[in-house]
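J.: Mind having a look at this structure? Questions to follow.
The values are calculated or read from the model by the stated rules, or taken from the named source; none is laboratory data. Quantities reported herein were computed from a predicted structural model and do not represent experimental measurements. A quick note on method: Cβ atoms are made from the backbone with ideal geometry, for glycine too, and the neighbour counts reach across all protein chains shown.
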Amino acid sequence: MCELYSKEDTLALRGKHIGPSCKVFFAKDPVKIVRAERQYMFDERGQRYLDCINNVAHVGHCHPQVVEAAHRQMELLNTNSRFLHDNMVAYAQRLAATLPQQLCVCYFTNSGSEANDLALRLARQFRGHQDVITLDHAYHGHLSSLIEISPYKFRKGKDDKKEFVHVAPVPDTYRGKYRENHPDPAGAYADEVKKIIEETRASGRKIAAFITESMQSCGGQIIPPAGYFQKVAEHVRSVGGVFIADEVQVGFGRVGKCFWSFQMQGEDFVPDIVTMGKPMGNGHPMACVVTTKEIAEAFHSSGMEYFNTYGGNPVSCAVGLAVLDIIEEEDLRGNAVRVGNYLTELLNKQKAKHMLIGDIRGVGLFIGIDLVQDRERRTPATAEAQHIIYKMKEKRVLLSADGPHRNVLKIKPPMCFTAEDAEFVVEQLDGVLTVLEESIRSQTKLVISENIPHRTKMLKESPGDLLDENTPEATENASRKRNGECIKHSLLSKRLKT
Ligand SMILES: Cc1ncc(COP(=O)(O)O)c(C=O)c1O
């Protein structure tokens, strides 16, 4: 492999020309990847990493069938969608066949953000309403229209929530408002949406859409309780709004038992609009919005034309068709069920062994490991999570942490992930957790034997430098520590710097 720059030069040039806005994974010691195949990535020294986080390389990095399909079509023709072409209609037909019958009109875009932006336009045009209900901690894309409905982003800035945006609590039964011991969490969380709708109505505003990921990913790998979507849809539709299911991260069979994650809510639930992206092109930029005839007709009857230069071009559609073929031919959904269940089982055994693991949740190859400092209080173990992902990188396993507290290890690998990969990850994680917990135990003893003035002195040293990234949690944790909470953990975390 011929490299243009050394790793150090690449890093320096990135700092100079790309700037700090686009963060890299493992910011303190980024990885330079030069090639990949299946579920493995290789750095410039040929070192192999097991990729547990790349849900874009859905059917496996550089799958030869995808490469071949793109190559063949690229040699023949690539153009915009103003000409008739078989690939576009063939792809639309195949895609529609994976969805409930009502969802039959496709709009092709180049990114998940474009798809969600168009979904908002469709929803607003449908009844002429403007307001949007979104879930707390949600992320729906990088366009202005989507930052506005993404608390994950706008809360990190000046928290300037627009008046047409309404934030509902995340239906998180582990750390949310209504938990696993609630008799009807789906109903209780849906009632929160109903309350928002009533308040909005009383103030003269009108709901255009409720948007949610079918399972919240950036928000911390959250699986909504069954029946929640049906109830929310009923409330939203009763005031002329539509239900948008964002499947950009979680679609295309990741959950195994269904092709789309919203289908886990039950056959009686059908969203009005579905958006998709990432896995769709296995790394090739393609995305899509699928909706009903009624919503599409309302959009067109306004005189609005939708045109997108690259969306649905013959090469993208050839790639998309290859991805759909591979999911079927290699039984990747079956693999997600088998390997996902096995991995969850192994992780649950780790939970029995390691106090830092508060919750294991997941379906298929979408799994979250919620790390806690204290199982009872469910205090997020943010610094510990950062420490673990760096240690796992040393073991050649790529993981990352997300969620509002950045304490949830997320696992969403290419769908060709094997049982052996699952065993390897768990073995490495077990080793890292064992060492970490041992060090926590010995330092806890140390803390107990230390006197208070000394503790205070250490806290004053640098309360904000415990975390690797400059996150809101760093400030939040620092203020909790200043208020006297989590004293033991702050000392421990301080020693966990990677
Ligand atoms: C749930 C969700 N929706 C939309 C997007 C935006 O997709 P893209 O980055 O392709 O614009 C993302 C990207 O991370 C996402 O996670």
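J.: Sort out which residues of region 242-265 are surrounded by fewer than 24 Cβ atoms within 10 Å (Cβ to Cβ) and among the aliphatic types (A, V, I, L, M), and write them in order of number.
T.: Hit for region 242-265 is Met264, nothing else.
J.: Could I ask something else about it? Which is within 16 Å of the ligand (Cβ to nearest atom) and modelled with pLDDT of 95 or more, of Lys351, Lys293, Lys278?
T.: Lys278
J.: Which number in (1) in contact with a helix residue (DSSP H, G or I) (Cβ under 6 Å, 6 or more places away or on another chain); (2) farther than 28 Å from Gly311 by Cα marks the one condition that Gly15 misses?
T.: (1)
J.: Are there any helices (runs of 4 or more DSSP H) wholly within region 80-160 with 3 or more residues that are in contact (Cβ under 8 Å) with a residue 24 or more places away in the chain and within 16 Å of the ligand (Cβ to nearest atom), and if so which?
T.: Fully inside region 80-160 and qualifying: 112-127.
J.: While we're on this one: Failed condition for Glu384, given (1) under 20 Å from the mean Cα position of the chain (by Cα); (2) surrounded by 22 or more Cβ atoms within 10 Å (Cβ to Cβ), with all others met?
T.: (1)
J.: For region 245-265, how many residues are more than 12 Å from the ligand (Cβ to nearest atom), free of Cβ contacts under 8 Å to residues at least 60 places away in the same chain and under 17 Å from the mean Cα position of the chain (by Cα)?
T.: Residues meeting the conditions: 1.
J.: Within region 22-61, track down each residue that is part of a loop (DSSP other than H, G, I, E, B) and of a type in the set (Phe, Trp, Tyr).
T.: Of everything in region 22-61, those that are part of a loop (DSSP other than H, G, I, E, B) and of a type in the set (Phe, Trp, Tyr) turn out to be Phe25, Phe26.
J.: Examine region 229-246 for a residue that is assigned to a helix (DSSP H, G or I), closer than 21 Å to Gln102 by Cβ and among the β-branched types (Val, Ile, Thr), and state whether such a residue exists.
T.: yes
J.: Among the numbered conditions (1) at pLDDT below 95; (2) touching a Ser or Thr at 6+ places or on another chain (Cβ under 7 Å), tell me where Gln249 comes up short.
T.: (1)
J.: Has region 9-19 got at least one residue that is at negative phi and in contact with a Phe, Trp or Tyr (Cβ under 7 Å, 6 or more places away or on another chain)?
T.: For region 9-19, residues at negative phi and in contact with a Phe, Trp or Tyr (Cβ under 7 Å, 6 or more places away or on another chain): present.
J.: If you don't mind, another one. Looking at this structure, is Val270 under 18 Å from Gly241 (Cα atoms), among the hydrophobic types (A, V, I, L, M, F, W, C), within 16 Å of the ligand (Cβ to nearest atom) and at pLDDT 95 or above?
T.: Taking the combined requirement at face value, the residue does not satisfy it.
J.: So for region 288-296 (the condition being closer than 19 Å to Tyr139 by Cα and among the β-branched types (Val, Ile, Thr)), does at least one residue qualify?
T.: yes
J.: Go through (1) among the charged types (D, E, K, R); (2) free of Cβ contacts under 8 Å to residues at least 12 places away in the same chain; (3) part of a loop (DSSP other than H, G, I, E, B) for Lys177 and report which single condition fails.
T.: Failed condition: (2).
Residue-by-condition table, conditions (1) in contact with a helix residue (DSSP H, G or I) (Cβ under 8 Å, 6 or more places away or on another chain); (2) of a type in the set (Phe, Trp, Tyr):
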{"position": "Phe83", "(1), (2)": "no, yes"}
{"position": "Met88", "(1), (2)": "yes, no"}
{"position": "Ala97", "(1), (2)": "no, no"}
{"position": "Gln101", "(1), (2)": "no, no"}
{"position": "Cys106", "(1), (2)": "yes, no"}
{"position": "Ala115", "(1), (2)": "no, no"}
{"position": "Leu120", "(1), (2)": "yes, no"}
{"position": "Gln125", "(1), (2)": "yes, no"}
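To keep it simple, each residue is scored yes or no on (1) farther than 30 Å from Ile369 by Cα; (2) under 23 Å from the mean Cα position of the chain (by Cα).
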position	(1), (2)
Lys16	yes, no
Val24	no, yes
Val34	no, no
Asp43	no, no
Gln47	no, no
Asp51	no, yes
Val59	no, yes
Gln73	yes, no
Leu77	yes, no
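J.: Hey, any hits in region 198-213 for a residue that's among the hydroxyl-bearing types (Ser, Thr, Tyr), in a loop (DSSP other than H, G, I, E, B), within 16 Å of the ligand (Cβ to nearest atom) and in contact (Cβ under 8 Å) with a residue 24 or more places away in the chain?
T.: Among the residues of region 198-213, not one is among the hydroxyl-bearing types (Ser, Thr, Tyr), in a loop (DSSP other than H, G, I, E, B), within 16 Å of the ligand (Cβ to nearest atom) and in contact (Cβ under 8 Å) with a residue 24 or more places away in the chain, which makes the answer no.
J.: Taking the condition of being in contact with a Leu (Cβ under 8 Å, 6 or more places away or on another chain) and surrounded by fewer than 24 Cβ atoms within 10 Å (Cβ to Cβ), how many residues in region 110-119 meet it?
T.: Within region 110-119, residues that are in contact with a Leu (Cβ under 8 Å, 6 or more places away or on another chain) and surrounded by fewer than 24 Cβ atoms within 10 Å (Cβ to Cβ) number 2.
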